[in-house]
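Shown next, in C-alpha cells, is the structure this report addresses.
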Amino acid sequence: MSIATQSTDSGLILALSKGRIFEDTLPLLEAAGIVVTENPETSRKLILATNDPGVRVLIVRASDVPTYVQYGAADFGVAGKDVLLEHGGEGLYQPVDLNIACCRMSVAVNAGFDYETAVRQGARLRVATKFTHTAREHFASKGVHVDLIKLYGSMELAPLVGLSDAIVDVVSTGNTLRANNLVEVEKIMEISSRLVVNQAALKLKRARLQPIIEAFEKASALQTKQG
Ligand code: ATP
Ligand code: PRP
C-alpha cells in the first residue's frame, strides 16, 4: 500500500475534531505559543490558520484523526483512547496522555434487564456499539458470547427499541443513560485523549515538533494537578 502525502515542507499540520477535543486542546496549544485564529463552530473552513504561519489545523471527524496522522496528511493530532483502540495505532507515536475529554467505556442495559443472570447463564447477548473492537475483546475476555451490531451514534436507542440487549459506549456524567432509563452494569476502561504523532514526521520534523510535545506535556500535567 502506498503511503499518501507525507508533508515535506517545514510547516506542521495538526488534526483535531470539533467540540470537546478542539476546546480542550486550545489551552495546550497556547502553552506552546500557538493560537488558532479561526473558530470551527462558525467557519465552514476545514483548514484553520494559527498565529504561527508554520502551523495549520485540520478539522476532521474524531474517529478520522488517527487516519490523517497515520498517513502523514497531518503531522500530529489529538484522539481519544476509544478511537485509538478501534484504529489500532499503526504508524502512530503516542507520547502524551493529555488527560482531556475524560470519560469511561461501559456496558449499559435497559433498567429492567438482568445482565448478571444473563451472563451467568451463558446467554448469547446482542450488543450494539460503535466500538466493536473494544467490545469484542471485552466480552471474549469474559467468555461471553455476543453478536455485535455496529452503529455510528445514538447507541442508547438500541436497547430501548429492542435492537440489542446491551450497548458499549462512553459515559461521563451518566445523564444520557439516565435520560433513557438505561443502567451502567460494567465499566470496561477509563478513557482520555492522547497526543498522536506521525512516526516519520517525528524524525523529519523533530526540531519543530519536540518543543510542542514538551509544552503539551507540561501544560497537561499542570492542568491535571490543578484540576
Ligand atoms: P465522531 O464524530 O467520529 O463520531 P464523536 O462524536 O464521538 O466522534 P466527540 O463527541 O467529539 O466525537 O468525542 C471526542 C472524544 O471525546 C471521544 O473519542 C471520547 O474519547 C471523548 N468523549 C466522548 N464523549 C464524551 C463525554 N460525554 N464526556 C467526555 N469525553 C467524551
Ligand atoms: C457521548 C456518548 C454518550 C454521551 C455520554 O455522546 O456517546 O451519548 O456522550 O455522556 P454523559 O454520560 O455525560 O451523558 P456525544 O459526544 O454525542 O454527546 P455530548 O457531546 O452531547 O456529550
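Looking only at residues in region 89-98 that are open to solvent by less than 60 Å² (accessible area, probe 1.4 Å) and not in a strand (DSSP E or B), the one that is nearest to VAL170 (Cα to Cα) is GLY89. Scanning region 41-73 for residues that are under 16 Å from the mean Cα position of the chain (by Cα), in a loop (DSSP other than H, G, I, E, B) and of a type outside the set (D, E, K, R) yields a single hit, VAL60.
Given the options ILE191, ILE213, name the one that is closer than 20 Å to THR25 by Cα, part of a helix (DSSP H, G or I) and open to solvent by less than 90 Å² (accessible area, probe 1.4 Å). The unique qualifying residue is ILE213. Any residue at all in region 165-180 that is more than 15 Å from ligand 2 (Cβ to nearest atom), in contact (Cβ under 8 Å) with a residue 12 or more places away in the chain and either surrounded by fewer than 16 Cβ atoms within 10 Å (Cβ to Cβ) or not assigned by TED's automatic domain parsing to the domain that holds LEU12 (or both)? Yes, the conditions are met somewhere in region 165-180.
Listed by first and then second residue, the pairs with beta-carbon distance under 9 Å, at least 6 apart or on different chains, first residue in region 153-164 and touching a residue at least 40 places away in the same chain (Cβ under 8 Å) and within 21 Å of VAL83 (Cα to Cα), second within 16 Å of ligand 1 (Cβ to nearest atom) and in a helix (DSSP H, G or I), are GLU156/THR176; GLU156/LEU177; GLU156/ALA179.
Residues in region 99-118 that are among the aromatic types (Phe, Trp, Tyr) and either under 27 Å from the mean Cα position of the chain (by Cα) or assigned to a strand (DSSP E or B) (or both): how many? Residues meeting the conditions: 0. With at pLDDT 95 or above, touching a strand residue (DSSP E or B) at 6+ places or on another chain (Cβ under 9 Å), open to solvent by 20 Å² or more (accessible area, probe 1.4 Å) and β-branched (Val, Ile, Thr) as the only criterion, which of VAL185, VAL144 stands out? On inspection, the qualifying residue turns out to be VAL185. A single entry from ILE13, ILE47 fulfils the requirement of being crowded, with 19+ Cβ neighbours inside 10 Å and not aromatic (Phe, Trp, Tyr): ILE13.
The values are calculated or read from the model by the stated rules, or taken from the named source; none is laboratory data. Everything quoted here is computed from the prediction, not taken from an experiment. All Cβ positions, glycine included, derive from the backbone under ideal geometry; neighbour counts span all protein chains shown. Ligands, DNA and RNA are excluded from the accessible area calculation, which covers all protein heavy atoms including side chains. Shrake-Rupley method; radii C 1.70, N 1.55, O 1.52, S 1.80 Å.
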